[in-house]
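Below: the structure, in structure tokens.
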Amino acid sequence: MKNLLLLHLVVLIFGFTGVLGKLITIPSEALVWYRMFFATISVGIYMLLRKKSFKMVKKGVLQTISVGFIIAAHWIFFFEAIKQSNVSITLAALSAGSLFTAILEPVFFKRKVQFYELFLGILVIAGLYFIFHFETENSLGIWLAIISAFLASLFTVINGKLIKQYDSSRISLYELFGGVLAISIYFLAFKPSSFPDFSINPSDWVYLLILAIICTAFAFVASVKVMEELTPFTVSLSINLEPVYGIILAFLIFGEEEEMSLGFYVGTLIILSSLFLNVWFKKRNKKKEKTTINSTLKLES
């Protein structure tokens, strides 16, 4: 229960990142570089204060840094989707992650595909169809958000395995550092003149620090930690509440800029329904498991 409440706090914070992404005026690649740079420092300071060890076996360091490359790409696509459309559309399309997780999790954890997971994934596709159909002028932003959703599902599932082997703080530190490294290589190879030089306006500084410390360092460590108890699919579907929080916050802050068509809200509602159906399916499966165990015990006695 404690981890579930922590997860929903993290989802609320994640919902606010979209708002910050729209408020920050610098390009997406630079935005993510600053975000991961300051978040890496924040997690490092947290670990020092808590006297946590930075040591990790070489294999673990390489694995987590590699995942950081995926996370960096996910965030770049996410913020670019916001710039190409808006917060509401990006957050709604990001919920496609539940479909990708339903496909990826059985592969990584070597288990059978659950029928209800695919069914919920199909619901997400139906919701996205409505959004695409009624928001054609924002199709580029939707596609960027879907790519971001796939990358988010990929690193969520991988983290589901890594958390069984390593401490959540160390995973977060090396993944965030990996993201900084990945974007730095990109800048040096393709845009050396645009490499972040910390010359940004004061308002961007404020938003970036909130984004890095609260919405990244804290939320990232917490999101990895909850996976000690919760499955990647449950985490991914719970994150479907992110559009609800994000859309409400965006509407309160940006007003008419975030008003969408009726079709958008129908599609978003269909997507979000998958979250509540997931809870129902899991409760039903647990009851079946308990019934089976009780029946087995009675037969043995």
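Values for this structure:
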{"read-out": "Residue in segment 163-176 that is aromatic (Phe, Trp, Tyr), in contact (Cβ under 8 Å) with a residue 24 or more places away in the chain and farther than 30 Å from Lys52 by Cα present", "value": "no"}
{"read-out": "Selection count, segment 1-35, where residues are part of a helix (DSSP H, G or I) and within 16 Å of Ile200 (Cα to Cα)", "value": "12"}
{"read-out": "Qualifying residue in segment 155-163 (condition: surrounded by 18 or more Cβ atoms within 10 Å (Cβ to Cβ) and touching a His at 6+ places or on another chain (Cβ under 9 Å))", "value": "yes"}
{"read-out": "Pair list, Cβ < 6 Å and 6+ apart or interchain, from segment 1-28 residues that are free of Cβ contacts under 8 Å to residues at least 24 places away in the same chain and under 25 Å from Glu229 (Cα atoms) to residues that are not in a loop (DSSP other than H, G, I, E, B) and not acidic (Asp, Glu)", "value": "none"}
{"read-out": "Phe254 vs. criteria at pLDDT below 75, aromatic (Phe, Trp, Tyr) and out of contact with any Ser or Thr (no Cβ under 8 Å at 6 or more places or on another chain)", "value": "no"}
{"read-out": "Residue check for Glu80: in contact (Cβ under 8 Å) with a residue 12 or more places away in the chain, touching a Pro at 6+ places or on another chain (Cβ under 9 Å) and crowded, with 23+ Cβ neighbours inside 10 Å", "value": "yes"}
{"read-out": "Output for segment 102-139, where each listed residue is charged (D, E, K, R) and either within 14 Å of Met260 (Cβ to Cβ) or not in a helix (DSSP H, G or I) (or both)", "value": "Lys110, Arg111, Lys112, Glu135, Glu137"}
{"read-out": "Long-range neighbours under 6 Å by Cβ, at least six apart or interchain, first residue under 20 Å from Ile122 (Cβ atoms) within segment 100-112, second of a type in the set (Ser, Thr, Tyr) and assigned to a helix (DSSP H, G or I)", "value": "Phe100/Ser153; Thr101/Ser153; Thr101/Ser236; Leu104/Ser153"}
{"read-out": "Lone qualifier among Phe190, Phe195 - being exposed (fewer than 13 other Cβ atoms within 10 Å of the Cβ) and without any contact (Cβ under 8 Å) to a residue 60 or more places away in the chain", "value": "Phe190"}
{"read-out": "Residue check for Leu299: under 24 Å from Val157 (Cβ atoms) and at pLDDT below 70", "value": "no"}
{"read-out": "Identity of the residue in segment 42-64, among the aliphatic types (A, V, I, L, M) and in contact (Cβ under 8 Å) with a residue 24 or more places away in the chain, that ends up surrounded by the fewest Cβ atoms within 10 Å (Cβ to Cβ)", "value": "Val61"}
{"read-out": "Selected residue (criterion: farthest from Gly267 (Cα to Cα)) from residues of segment 154-193 that are modelled with pLDDT under 90 and of a type in the set (S, T, N, Q)", "value": "Ser193"}
{"read-out": "Failed item in (1) without any contact (Cβ under 8 Å) to a residue 40 or more places away in the chain; (2) under 14 Å from the mean Cα position of the chain (by Cα), with Val67 passing the rest", "value": "(1)"}
{"read-out": "Matching option when the condition is under 23 Å from Ile171 (Cα atoms) and in contact with a Phe, Trp or Tyr (Cβ under 9 Å, 6 or more places away or on another chain), among Gly21, Gly15", "value": "Gly15"}
{"read-out": "Unmet requirement for Val226, which otherwise passes all of (1) surrounded by fewer than 20 Cβ atoms within 10 Å (Cβ to Cβ); (2) in a helix (DSSP H, G or I); (3) modelled with pLDDT under 90; (4) of a type in the set (A, V, I, L, M)", "value": "(1)"}
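The values are calculated or read from the model by the stated rules, or taken from the named source; none is laboratory data. Note that this is a predicted model, so its numbers are computed, not measured. Note that we place each Cβ from the backbone using ideal geometry, even for glycine, and neighbour counts take in every protein chain shown.
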